[in-house]
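Asks: Next up is a structure, given as structure tokens.
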Amino acid sequence: MLKFTKDHEWVKIDGDTATVGITAHAAELLGDLVFVELPGVGKTLSKGDNAAVVESVKAASDVYAPLSGTVSEVNEAVVDDPSIVNSDAAGAGWFFKLELKDVAETDGLLDEAAYQQLIA
Amino acid sequence: MADVAGTGDLLRTPLYDFHVANGARMVAFASYEMPVQYPLGILKEHLHTRSSAGLFDISHMGQLSITAPGGHLDEAKRALEAVIPIDILGLPEGRQRYGFFTNDTGGILDDLMIANLGDRLVLIVNAARKSADEAHLRQHLPGGIGIERIDSALIALQGPKAAGALARLAPECESMRFMDVKTLKILGHDCLASRSGYTGEDGFEISVPEEAAEAIARTLLGLAEVEAIGLGARDSLRLEAGLCLHGSDIDETTTPVEARLTWAIPKVRRAGGARAAGFPGADIIMRQLHEGVSRLRVGLRPEGRAPVRGGVQVYAREAGGEVIGHATSGGFGPSVGSPVAMGYVETSLSEPGTRLFAELRGKRLALDVAQLPFVPSGYKR
């Protein structure tokens with residue numbers, strides 16, 4: 001199940017695990033990314049917490065936790081080469097995985113049609 | 001993801017349509033709607049300028065013509081020396097110099113270029129300061145001195161291949177040296193060109209009639225070696241070149257001595273010189289030249305990958321201790337391949353190689369004082 005936030009993140013939910021990244025639209029707006037900072041594995045995040053930082057040549061932006069949970073895995077590849085986020089935001093450019101605290105929280109996310117409408 | 005800004009009710013340069021037609025992303029800058037980047041993106045635009053030639057719209061900058069009654073330009077030169085601490089009387093016809101307006105506390109109201117065209121002087125000032133600069137001149141120059149805005153577009157062509165590209169339209173540009181100014185005939189229009197810029201590369205800044213701007217920009221962009229470059233890359237290029245941005249690295253609270261711009265103040269304007277002092281804040285700047293200052297502008301090179309941007313506080317130690325300075329601008333340097341920044345630190349900690357720490361998101365990250373510029377300049381001297 002693929003969901004989105006109004007803060008331009010995508011969330012792929014698989015059972016009680018969510019994979020989180022930023023949308024291609026967000027990556028395009030940010031421009032060339034040069035720095036990504038990810039949360040530590042094991043970190044507990046509440047929905048809306050600052051989870052990661054992305055910096056383009058021009059500016060820094062926060063990435064928020066779209067749901068509450070514990071960080072179970074992070075994508076070191078985007079730390080080593082932030083340009084992966086620009087080239088494949090929805091795939092190889094994922095940021096981190098969360099073990100969800102409450103799967104029902106996913107009901108508050110946008111579906112793809114709603115997100116497309118948001119950025120139209 | 002935090003938000004991305006849009007544009008409001010803003011001025012447009014004569015090249016607005018050109019930018020839109022070339023797919024630029026427009027942003028608000030100094031009351032103008034300006035291209036921050038084109039589809040190529042800031043990184044590639046930056047690298048292209050360093051290796052080939054980049055075309056920039058800098059029409060938002062202010063251009064002022066200064067004249068004297070009866071064409072006695074020395075009167076205008078003397079008048080300007082009363083507000084700018086450089087040698088303008090000795091500026092030959094066909095040459096340009098860098099300078100700054102100072103205030104009574106020795107701070108920098110704006111930095112600018114001053115060109116001598118024989119019958120007039122032309123000043124190029126920063127976009128955000130142009131109205132204030134004009135008011136400052138009207139207040140301080142004697143009544144007979146003419147001050148007129150020049151309503152032309154301003155185009156910069158920068159990079160190692162800029163001269164070769166421009167020479168296909170105006171072959172005489174190739175005989176110009178760094179900081180020469182000359183009227184070039186481009187597509188049949190008289191255009192005032194200087195061999196200068198603000199990227200650290202060889203290149204030209206060209207004042208072109210508004211009605212010819214789009215045709216000239218399109219023709220230049222049509223040359224194989226030229227790409228359109230936005231303000232994003234303009235900023236990373238000037239930062240790597242160690243050049244100051246007014247409002248960030250220099251302002252009314254920083255003196256030319258603290259900013260290490262004293263190379264622009266020649267002997268003739270210093271103590272013992274024939275035209276020593278006689279500009280706002282001279283007492284303070286003279287004293288600082290003699291006694292030194294407590295802080296200096298330096299290059300800062302973060303050890304890790306995290307960009308250190310303007311406003312970030314700098315410490316001498318990894319934990320505890322007082323703030324000893326701050327970054328005034330910074331980001332990723334595409335040609336350096338790592339983050340670069342500049343800022344002010346205590347003079348005792350300003351030697352290149354000094355290990356300092358920037359506080360970023362609650363963590364102290366190592367950075368070293370570095371020589372400026374971060375990349376060697378390519379000026380054609």
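Asks: Would a scan of the range A:63-74 turn up a residue that is free of Cβ contacts under 8 Å to residues at least 24 places away in the same chain and among the charged types (D, E, K, R)?
Replies: Our first condition is that a residue be free of Cβ contacts under 8 Å to residues at least 24 places away in the same chain; within the range A:63-74, this holds for none.
For the range A:63-74, residues free of Cβ contacts under 8 Å to residues at least 24 places away in the same chain and among the charged types (D, E, K, R): absent.
Asks: Looking only at the range A:76-100, how many residues end up being away from every other protein chain (no Cβ under 11 Å) and over 16 Å from A:Thr23 (Cβ atoms)?
Replies: Total satisfying the criteria: 6.
Asks: Test B:Ile229 against the stated conditions and say whether it is among the β-branched types (Val, Ile, Thr) and under 14 Å from the mean Cα position of the chain (by Cα).
Replies: Against the criterion (among the β-branched types (Val, Ile, Thr) and under 14 Å from the mean Cα position of the chain (by Cα)), B:Ile229 does not qualify.
Asks: Among the residues of the range B:169-224, which ones are within 20 Å of B:Tyr379 (Cα to Cα), basic (Lys, Arg) and surrounded by fewer than 20 Cβ atoms within 10 Å (Cβ to Cβ)?
Replies: Once the filter is applied, which keeps residues that are within 20 Å of B:Tyr379 (Cα to Cα), basic (Lys, Arg) and surrounded by fewer than 20 Cβ atoms within 10 Å (Cβ to Cβ), the range B:169-224 yields B:Arg177, B:Lys182.
Asks: Condition first: over 24 Å from B:Gln37 (Cβ atoms) and in contact (Cβ under 8 Å) with a residue 60 or more places away in the chain. Now tell me which residues in the range A:75-107 satisfy that.
Replies: Those that are over 24 Å from B:Gln37 (Cβ atoms) and in contact (Cβ under 8 Å) with a residue 60 or more places away in the chain: A:Trp94, A:Phe96, A:Lys97, A:Leu98, A:Glu99, A:Leu100, A:Val103, A:Thr106.
Asks: Here's another thing I want to ask about it. Mind checking which residues of the range A:38-59 are part of a strand (DSSP E or B), more than 7 Å from chain B (Cβ to nearest Cβ), closer than 21 Å to B:Phe332 by Cβ and over 12 Å from the mean Cα position of the chain (by Cα)?
Replies: Passing the criteria: only A:Ser56.
Asks: Follow-up. Find the residue count for the range B:353-375, including only residues that are touching a Gly at 6+ places or on another chain (Cβ under 8 Å) and more than 12 Å from B:Ile324 (Cα to Cα). Break it down into steps so the answer makes sense when it comes.
Replies: First pass over the range B:353-375, keeping only residues touching a Gly at 6+ places or on another chain (Cβ under 8 Å): B:356, B:365-366, B:368-375.
Filter again for more than 12 Å from B:Ile324 (Cα to Cα), leaving B:365-366, B:368-375.
The number of residues fulfilling the criteria is 10.
Asks: Can you tell me which residue among B:Leu89, B:Leu47 is over 19 Å from B:Ala162 (Cβ atoms) and surrounded by fewer than 21 Cβ atoms within 10 Å (Cβ to Cβ)?
Replies: Working: B:Leu47 fails: over 19 Å from B:Ala162 (Cβ atoms).
Just a single option satisfies the conditions, and that option is B:Leu89.
Asks: So which residues in the range B:69-88 are at pLDDT 95 or above and farther than 18 Å from B:Thr102 by Cβ, if there are any at all?
Replies: Of all residues in the range B:69-88, those at pLDDT 95 or above come to B:73-88.
Within the range B:69-88, B:Leu73, B:Asp74, B:Glu75, B:Ala76 qualify.
Asks: State the number of residues belonging to the range A:1-11 that are within 12 Å of another protein chain (Cβ to nearest Cβ) and surrounded by fewer than 19 Cβ atoms within 10 Å (Cβ to Cβ).
Replies: Of all residues in the range A:1-11, those within 12 Å of another protein chain (Cβ to nearest Cβ) come to A:4-10.
So of that shortlist, the ones also surrounded by fewer than 19 Cβ atoms within 10 Å (Cβ to Cβ) come out as A:6-7.
Selection size over the range A:1-11: 2.
Asks: Right, here's the next one. Go through the range A:60-75 and give me each residue that's within 14 Å of another protein chain (Cβ to nearest Cβ) and in contact with a helix residue (DSSP H, G or I) (Cβ under 8 Å, 6 or more places away or on another chain).
Replies: To start, the set of residues in the range A:60-75 that are within 14 Å of another protein chain (Cβ to nearest Cβ) comprises A:60-66.
Passing the criteria: only A:Ser61.
Asks: Report, by residue number, each residue of the range A:12-37 that is assigned to a helix (DSSP H, G or I) and at the interface with another protein chain (Cβ under 10 Å from one of its Cβ atoms).
Replies: Step one: filter the range A:12-37 for residues assigned to a helix (DSSP H, G or I), giving A:24-30.
The answer is A:His25, A:Ala26, A:Ala27, A:Glu28, A:Leu29, A:Leu30.
Asks: Residues of the range A:60-79 being outside any strand (DSSP E or B) and surrounded by fewer than 22 Cβ atoms within 10 Å (Cβ to Cβ), which ones? Give the steps one after another, and end with the answer.
Replies: Initial filter on the range A:60-79 (outside any strand (DSSP E or B)): A:65-68, A:75-79.
Scanning the range A:60-79 gives A:Ser68, A:Asn75, A:Glu76, A:Ala77, A:Val79.
Asks: Scan the range B:306-336 for residues that are of a type in the set (Gly, Ala, Ser), free of Cβ contacts under 8 Å to residues at least 24 places away in the same chain and more than 12 Å from chain A (Cβ to nearest Cβ) and jot them down. So that I can check it myself, show each step before the final result.
Replies: As a first pass, look at the range B:306-336 and keep what is of a type in the set (Gly, Ala, Ser): B:306, B:310-311, B:316, B:319-321, B:325, B:327, B:329-331, B:333, B:335.
Pick out the ones that are also free of Cβ contacts under 8 Å to residues at least 24 places away in the same chain and you get B:311, B:320-321.
Across the range B:306-336, the qualifying residues are B:Gly320, B:Gly321.
Asks: Which of the numbered conditions does B:Val345 fail, given that it passes all the others? Conditions: (1) away from every other protein chain (no Cβ under 14 Å); (2) crowded, with 17+ Cβ neighbours inside 10 Å; (3) out of contact with any Ser or Thr (no Cβ under 9 Å at 6 or more places or on another chain).
Replies: The number of the failed condition is (3).
Asks: So which helices (runs of 4 or more DSSP H) stay within the range B:1-91 end to end and still have 2 or more residues that are under 20 Å from the mean Cα position of the chain (by Cα), of a type outside the set (S, T, N, Q) and within 14 Å of chain A (Cβ to nearest Cβ)? Can you show your working first?
Replies: On the way: elements: B:16-21, B:42-51, B:73-81.
Of the helices (runs of 4 or more DSSP H) lying wholly inside the range B:1-91, those with at least 2 residues that are under 20 Å from the mean Cα position of the chain (by Cα), of a type outside the set (S, T, N, Q) and within 14 Å of chain A (Cβ to nearest Cβ) span B:42-51.
Asks: Which members of the range B:361-381 meet the condition of being within 12 Å of B:Ala306 (Cβ to Cβ) and surrounded by fewer than 21 Cβ atoms within 10 Å (Cβ to Cβ)?
Replies: Pass one, the range B:361-381, residues within 12 Å of B:Ala306 (Cβ to Cβ): B:361, B:363-367.
Once the filter is applied, which keeps residues that are within 12 Å of B:Ala306 (Cβ to Cβ) and surrounded by fewer than 21 Cβ atoms within 10 Å (Cβ to Cβ), the range B:361-381 yields B:Arg361, B:Lys363, B:Arg364, B:Leu365, B:Ala366.
Asks: Of the residues that make up the range B:96-113, is at least one surrounded by fewer than 20 Cβ atoms within 10 Å (Cβ to Cβ), touching a residue at least 60 places away in the same chain (Cβ under 8 Å) and over 27 Å from B:Val293 (Cβ atoms)?
Replies: No, the conditions are met nowhere in the range B:96-113.
Asks: Here is a follow-up. Taking the range A:72-105 as the search range and keeping residues that are touching a strand residue (DSSP E or B) at 6+ places or on another chain (Cβ under 6 Å) and of a type in the set (Val, Ile, Thr), which one is farthest from A:Gly42 (Cα to Cα)?
Replies: Here the residue is A:Val85.
Asks: Looking only at the range B:212-256, count every residue that is of a type in the set (D, E, K, R) and within 14 Å of chain A (Cβ to nearest Cβ) and tell me the total.
Replies: We begin by selecting, within the range B:212-256, every residue of a type in the set (D, E, K, R); these are B:214, B:218, B:225, B:227, B:234-235, B:238, B:240, B:249, B:251-252.
Applying the additional criterion that residues be within 14 Å of chain A (Cβ to nearest Cβ) yields B:234-235, B:238, B:240.
Number of matching residues: 4.
The values are calculated or read from the model by the stated rules, or taken from the named source; none is laboratory data. Fair warning: this is a prediction, and the values are worked out from it, not measured in the lab. All Cβ positions, even for glycine, are placed from backbone atoms using ideal geometry, and neighbour counts span all protein chains on display.
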